[in-house]
Amino acid sequence: MKSWGEAQWRSVSSNFSRVGRLRRALVLLAAAACTAAAVLYWRQQTDDSAHRPLQSMLTGVEPQWSWICRNDRCERLLASETSVLQSLPTCNMLCASTQLWPQPTGPVSLATAAVRVRSSGFSLKVLASPSREVTEHLNDAFDLMRDDLKTLERTAGIERRRSDSATRDVLVRVTVNGSGDPRMRLDTDESYKLALRPSGKSLVVDITAHSFSGARHGFETLSQLVWLDPYTSSLLALEAATVEDAPKFRYRGLLLDTARNYFPVSDILRTIDAMGACKMNTFHWHISDSQSFPLRLTSAPQLAQHGAYGPGAIYTTDDVKTIVRRARLRGVRVLIEVDAPAHVGKAWTWGPLEGLGHLAHCVEVEPWSTYCGEPPCGQLNPRNPNVYKLLERIYAEIIELTGVDDIFHLGGDEVSERCWAQHFNDTDPMELWIDFTRRAMLALERANGGKTPQLTFLWSSRLTQSPYLERLDKKQYGIQVWGSSRWPESRAVLDAGYRTVISHVDAWYLDCGFGSWRDSSDGHCGPYRSWQQMYEHRPWIEEMPSVATGAEQWRIEGGAACQWTEQLASGGLDARVWPRTAALAERLWSDRVEGATADVYLRLDTQRSRLISKGVHAAPLWPRWCSHNPHACL
């Protein structure tokens, strides 16, 4: 195929005006000859293709370049300068880097040879399962993985071509010998082992795990050992691999605010798919705020009726079930937060019309800047017993819809003491706040069948500072710390021994760096947080408290990136969140000592390509030239 060199093409082109018909005939003959030669060559090379670099015989993406693995790195050459025509994805997968994301925490062994596979050749055999429900989830999650491979094939038109003898079938055998509950739980063992080996003319993959989630992670790792070679228009898979893996932190989350601006269900599903690809396990859905209440609940339809932006900006219970189902198959729990007692608005103003009294105070009060951080203001009435009855119904329906009953988020930040002091001048507003939190917890306990969740989160706030922090029960409450890692009050929560999820604003807030919609300032949280900053933030390696200080041992459950959406809507979500959140995902899964090294750049660039193939419009890490010549950019 390479006999048609640049000189020949230039010669033909220079005579185009005089011999146009002849040129077209020559081009057609050349194309036919190249295709025939490619097919013949591929068949000749089938038997030993797994033992040397793959040769490209078909026109694909940028065939003028070839990448050769030299000194453990891929170097770009002109195709005319080498006898080996190899695509960048194939070189990356067969060269030194593991190309897995997140990096496994246990031993990894990967072959440097590949074979052709097809999505239709993947089959699943469940060797052992603790429950029928786990078996059903395994089958459905496997189908999702196979659908992802089919999507890759569609981009190259592979599904329109028949398989041939060079294509290997892949048998995936799964053994789950632990929990019969497929849900992501606080105590879920997410570890797994994967072994891939050739067996005759097939590949056999053995995945063992102690939970459905662990086995699903194994599927995810397997999918990362398969890639599309753009030059051969074929799916390729490593010929052999072994991986042992388990996460460092058990809470690896992403918060999405859908109250400031509405995001369609398709955006949320795509976000959850990306989370699964990065082995994140908690979608923290900040579903309501003072601006809107877009969730139409059967137990309290008035909230959406009075609080949603309109009929096109509402999540139905069927929408929630669809999201929860997809999330569970991706190994992700859906943690819905209805923020209270502050951050409420018009959704809560219908109480007097139905004889329930005032459910909220200070709704859309002016001047707003004296009552809340951004308009509109509003917070619940802590002395109206109907508020707690309504919260109980809301909590019960959320638990039923999500199936998440061992962990809950009450919200609980940025209460305006001024508002409550104005309406209840006989009581310290902080005492009202404590009383509200306790009564909301009792409502949650009733909603959860009389059982307190194992862990109920509150946002860090004045309530989680001394002397009020000590009045919260450590056995019941956990704290999501959003303040700066440099703030003393952020560390005080850790020193006090509370179970903590870290969302430091100076590292893991995705909305920072885009200015303020209210004025011309830098906004509430300053500069943009780059993926490198997110990756290198390791607050748990700071000096731990000593016994001499009287502080307790830190109890960090994990962390979460937060995407608040005052200045973001559908269409801009993917590039704002990805691949930065993928960087956090590896920090929380692997917690590698190294920072953003060259290997991290290479693997994250590959992971971004995987996200793109799933329809996620992830932002680029650098110019495409750097993807082609990474070591020249590092």
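Pairs Lys389/Lys451; Lys321/Lys346; Lys193/Lys248: which exceed 21 Å Cα-Cα? Intermediate results must be reported in sequence, preceding the final value.
Working: Lys389/Lys451 17 Å; Lys321/Lys346 26 Å; Lys193/Lys248 16 Å.
Pairs exceeding the cut-off: Lys321/Lys346.
In the range 215-311, a dipole from Cβ-located charges (positive for Lys and Arg, negative for Asp and Glu) runs towards its positive end, and of Leu297, Tyr231, Ser266 it is Leu297 whose Cα lies farthest in that direction.
Out of the trypsin sites (Lys or Arg not before Pro) in the range 164-266, which ones are loop residues according to DSSP with at most 11 other C-beta atoms within 10 Å? Those that pass, being in a loop and sparsely packed, are Lys201.
Starting from the range 215-317, pick out the chymotrypsin sites (Phe, Trp or Tyr not before Pro) whose DSSP state is loop and whose Cβ has at most 12 other Cβ atoms within 10 Å.
none
Of the trypsin sites (Lys or Arg not before Pro) in the range 449-496, the ones in a loop by DSSP (not H, G, I, E or B) with at most 16 other beta carbons within 10 Å are Lys451, Lys474, Lys475, Arg486. For the chain, the share of accessible area belonging to carbon and sulfur comes to 50 percent (1.4 Å probe, ligands and nucleic acids excluded).
Backbone amide hydrogens, once placed in the peptide plane, bring Val126 within less than 5 Å of Val174, excluding anything fewer than 5 places away on its chain. This structure gives mean projected area of the Cα convex hull in nm², computed directly, and of (1) 38.2; (2) 42.9; (3) 33.3 that value is listed as (3).
Cβ under 13 Å from Leu442's Cβ, Leu442 left aside: what net charge do those residues give with Lys, Arg +1 and Asp, Glu -1? Taking every Cβ under 13 Å from that of Leu442, the sum is +1.
Placing +1 on the Cβ of every Lys and Arg and -1 on the Cβ of every Asp and Glu, with nothing else charged, gives the chain a dipole about its Cα centre of roughly 2760 debye.
Per residue, the range 70-170 exposes an accessible area of 48 Å² to a 1.4 Å probe, with every protein chain left in place.
Taken per residue, the accessible surface of the range 552-600 reaches 28 Å², heavy atoms only and a 1.4 Å probe. In this Cβ point-charge picture (+1 for Lys and Arg, -1 for Asp and Glu), the range 275-391 has a dipole of about 740 debye about its Cα centre.
Please work out the FRET efficiency for the pair Leu634 and Ala575, using the Cβ-Cβ distance as r and a Förster radius of 22 Å; give the result to the nearest 0.05. Intermediate results must be reported in sequence, preceding the final value.
Numbers: r = 23 Å, r/R0 = 1.03.
So, using R0 = 22 Å, E works out to roughly 0.45.
Top to bottom by accessible area (1.4 Å), largest first, where do Thr98, Thr581, Thr349 land? Walk me through the numbers before you get to the answer.
On the way: Thr98 35, Thr581 0, Thr349 55 Å².
Ranking Thr98, Thr581, Thr349 by accessible area, largest first, yields Thr349, Thr98, Thr581.
Our summary gives the range 245-318 a relative contact order of 31 percent, counting only alpha carbon pairs under 8 angstrom and 6 or more residues apart. Within the assembled protein chains, the solvent-accessible surface assigned to Asp318 is about 100 Å², based on a 1.4 Å probe. Computed with a 1.4 Å probe on the full set of protein chains, the accessible area for Thr456 sits at about 0 Å². Computed per residue of the chain from DSSP H runs no shorter than four, each worth -39500 (n - 2.57), the mean residue ellipticity at 222 nm is -10500 deg cm²/dmol.
Quick check on packing: order 366-373, 378-385 by the mean number of other C-beta atoms within 10 Å, highest mean leading.
Values: 366-373: 14.2, 378-385: 21.9.
Ranked by mean Cβ neighbours within 10 Å, highest first: 378-385, 366-373.
The values are calculated or read from the model by the stated rules, or taken from the named source; none is laboratory data. For clarity, every value in this text was computed on a predicted model and none was experimentally measured. We place every Cβ from the backbone using ideal geometry, glycine too, and count neighbours over all the protein chains shown. Quick note on the areas: whole protein, heavy atoms, side chains included, nothing else; ligands and nucleic acids left out. Shrake-Rupley method; radii C 1.70, N 1.55, O 1.52, S 1.80 Å.
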